[in-house]
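Scroll down for the structure; my scribbles are underneath it.
The values are calculated or read from the model by the stated rules, or taken from the named source; none is laboratory data. This structure is a prediction, so every number in the text was calculated from the model and none was measured. Please note: Cβ atoms are built from the backbone with ideal geometry, for glycine as well, and neighbour counts cover all protein chains shown. Side chains included, ligands, DNA and RNA excluded: accessible areas come from the protein's heavy atoms. Shrake-Rupley method; radii C 1.70, N 1.55, O 1.52, S 1.80 Å.
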Amino acid sequence: PGQKALARERTDARSRGAAVAVLAVRSRDRGDCCHVEVPRARQAHDECAGQDDARAEERMHGPSGFDYVIICCSNLSGERFWQARLEETMLKVTGHSSMVLCVHEDWEGGAGNGLGTLYALVKAIQLARAKYGVELLHELGTGKSVALYHTAGKGTRLAPLPGAENNNKPAVKLPELFEINGEARALTILEAVIRQTSILSPRSKGRLAVFWGDQVFVPSTESGVDAEPTHHADILAGLGPMPSEAQWTARALHQYGLIATDKRGDAVQLEKVSHADAVRLLPSGVLQVGTSLGSFSVSCFLLCELLKEFKAELDKKTGQFDADPHFWMPVTLSEHAYADIMLSKGTDEPASKAHWARMQRLKARVTQQMPQLRFFGAVPVGQTMHWWDYGRLELYKENNVLVTESSASAKALRHFLHAVPRVQSSSLGPVNVARSACVLGCTFRGGSIGARAVLVNVKAPYVDVDDCVLVNVSSNRPIYGRGGVLYNVVDAEVDGKLSCDAAHVRADVFVPETANLLPRLGSVASRHLKVHSGMEVDGGKAWKVRLPGNELSYEEIHALNKDVDVRAAQEAAARQHKAIIVTSVPASH
């Protein structure tokens with residue numbers, strides 16, 4: 001429905017243009033991606049000779065955004081938190097007043113990101129009807145754009161930071177401050193994702209676009225971002241010529257989901273295969289191959305057909321299907337190739353072939369009833385696209401410290417995060433601040449801040465830090481260190497110093513008075529947990545271990561936070577931060 005209106009809106013969108021991406025973040029638990037080396041503004045010069053830098057930066061912060069934004073959360077507390085938070089921050093973050101619809105996945109064992117997308121949409125349809133009095137599918141059919149962000153995941157390799165956000169991993173903070181209701185707030189990873197992906201809103205009229213709440217990408221070409229969709233489903237990919245076996249190995253393509261396209265732009269989806277297997281499984285006529293970002297969009301028509309096809313699973317909340325292996329691979333691979341790949345994943349051949357036939361029937365219905373669009377394609381985002389990764393503790397530090405550097409990519413990051421000037425909203429006494437340091441919303445009475453220090457909402461009587469990341473830290477004592485991370489720390493002690501050396505990573509967890517601690521973890525005596533770690537600690541490997549100085553393991557902290565009201569926990573933390581009042585510099589300094 002609404003195809004003429006949809007065409008008009010797409011034409012209008014193309015005439016207005018889309019915002020240009022500048023920041024890349026790859027923040028997955030596995031943390032297997034490299035950081036960005038080529039900023040969007042530099043790429044514009046490389047690929048579009050003569051483009052003006054000022055225009056690129058203006059588009060970067062342009063007021064583009066989706067008409068509706070759906071956030072799929074892990075639990076009801078997260079749903080309530082993000083509904084309230086994004087209703088306050090959406091306009092400030094993106095420059096666009098999107099209607100926010102936050103839901104949570106109450107599906108035993110998890111639905112997978114394929115069925116999970118459909119289930120989140122079903123819940124969002126009900127919420128949109130109740131909250132805004134609108135029919136979401138009708139809005140899609142008349143050309144409105146809808147984005148859905150998946151935010152689940154424990155964030156094991158980023159531990160202990162997600163625990164300090166009470167299991168709210170996408171709420172981990174980045175070095176940007178903006179004001180809401182007279183209060184300076186730090187940008188969250190999810191808000192950065194929403195800002196970045198808003199560049200795709202013009203091409204998403206009449207479509208549902210699906211993103212991961214910890215991944216932001218940089219297109220090195222605007223052709224895919226600005227192009228009108230040609231397929232019912234398309235997926236973002238860094239496409240280039242089919243690589244040789246040596247190039248395949250050198251680029252570690254066997255570690256990623258892959259997309260291959262032919263001369264018509266039709267795409268094939270593969271998952272983590274060797275060069276030899278790719279040659280064997282891919283059909284003839286493949287022209288381009290590249291890594292898949294996983295983010296996809298679907299037409300309103302295909303979306304309705306998917307909802308019909310999987311109605312039984314959605315009604316009963318049974319099954320577990322991911323988008324890549326269960327939606328896109330069976331409609332793009334031969335029956336034999338699909339069964340072969342799924343067998344390696346532990347699915348027997350009869351089940352794989354039955355699912356392949358089911359999805360082939362769906363594809364036939366869609367292409368027969370609406371042949372104006374082909375079925376599955378790719379949105380090219382360029383081969384020089386890179387990812388910055390906040391998914392591991394050491395990379396969270398590394399890519400935050402990047403804002404202090406002089407590279408072109410560091411400059412692009414500072415523009416994206418509005419970290420210019422580099423010292424903002426701070427009250428500094430006789431503090432020697434290096435020119436490249438990033439100091440936002442801080443209060444100090446003396447000290448020295450080195451060239452590679454990033455400090456956000458920090459107050460202490462004295463600091464002597466470098467190559468550190470400090471976010472939301474309140475201390476009665478001087479802070480000293482090189483190479484560490486302090487996150488959401490309240491230090492009320494008066495003797496000695498608060499260390500921020502590489503061996504001293506600390507993230508405090510606050511549990512509100514309304515939470516009942518004893519039924520789950522009887523050993524917990526405090527509602528303020530000081531969680532210690534080190535830059536060398538892999539949170540995934542140490543998940544079940546009680547590290548030295550910690551009352552609980554990361555796993556136990558995750559269990560403790562399971563039913564905590566995130567907003568109440570933040571209020572509890574805010575009260576303790578406020579109780580720390582910075583007075584004068586200690587006499588010894």
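Assorted remarks:
- Which numbered condition G391 fails, given (1) buried (at least 19 other Cβ atoms within 10 Å of the Cβ); (2) in contact with a strand residue (DSSP E or B) (Cβ under 6 Å, 6 or more places away or on another chain); (3) assigned to a loop (DSSP other than H, G, I, E, B): (2)
- K205 meets all of the listed conditions (1) closer than 25 Å to E271 by Cα; (2) in contact with a Lys or Arg (Cβ under 6 Å, 6 or more places away or on another chain) but one, namely (1).
- Residue list for the stretch 218-234, restricted to those being open to solvent by less than 20 Å² (accessible area, probe 1.4 Å) and out of contact with any helix residue (DSSP H, G or I) (no Cβ under 7 Å at 6 or more places or on another chain): G224, H231, D234
- Test: residue in the stretch 504-523 that is modelled with pLDDT of 90 or more and open to solvent by 80 Å² or more (accessible area, probe 1.4 Å): no
- V494 vs. criteria modelled with pLDDT under 95, assigned to a strand (DSSP E or B) and not polar (S, T, N, Q): no
- All of (1) at pLDDT below 95; (2) under 25 Å from the mean Cα position of the chain (by Cα); (3) assigned to a helix (DSSP H, G or I) hold for D277 with one exception: (2).
- Single residue of the stretch 256-276 satisfying the filter (farther than 21 Å from D322 by Cα and touching a helix residue (DSSP H, G or I) at 6+ places or on another chain (Cβ under 7 Å)) that is least open to solvent (accessible area, probe 1.4 Å): H275
- Residues (more than 9 Å from I70 (Cβ to Cβ), of a type outside the set (V, I, T) and touching a residue at least 60 places away in the same chain (Cβ under 8 Å)) located in the stretch 112-127: G112, N113, G114, L115, L118, Y119
- Set G116, G163, G78, G155: member being out of contact with any helix residue (DSSP H, G or I) (no Cβ under 8 Å at 6 or more places or on another chain), buried (at least 22 other Cβ atoms within 10 Å of the Cβ) and closer than 30 Å to E394 by Cβ: G116
- Screening E108 against (1) under 20 Å from G319 (Cα atoms); (2) modelled with pLDDT of 95 or more; (3) acidic (D, E) leaves a single unmet condition, (2).
- Residue selection: T142 fails the criterion of being among the polar types (S, T, N, Q), surrounded by 23 or more Cβ atoms within 10 Å (Cβ to Cβ) and in contact (Cβ under 8 Å) with a residue 12 or more places away in the chain.
- Flag if E228 is charged (D, E, K, R) and part of a loop (DSSP other than H, G, I, E, B): yes
- Positions within the stretch 301-313 being aliphatic (A, V, I, L, M) and surrounded by 20 or more Cβ atoms within 10 Å (Cβ to Cβ), in sequence order: L302, L303, L306
- Taking residues in the stretch 447-466 that are of a type in the set (S, T, N, Q), and partners anywhere that are open to solvent by 10 Å² or more (accessible area, probe 1.4 Å), the pairs with Cβ atoms closer than 6 Å and at least 6 places apart or on different chains are S448/N432; S448/D464; N457/G441; N457/N472.
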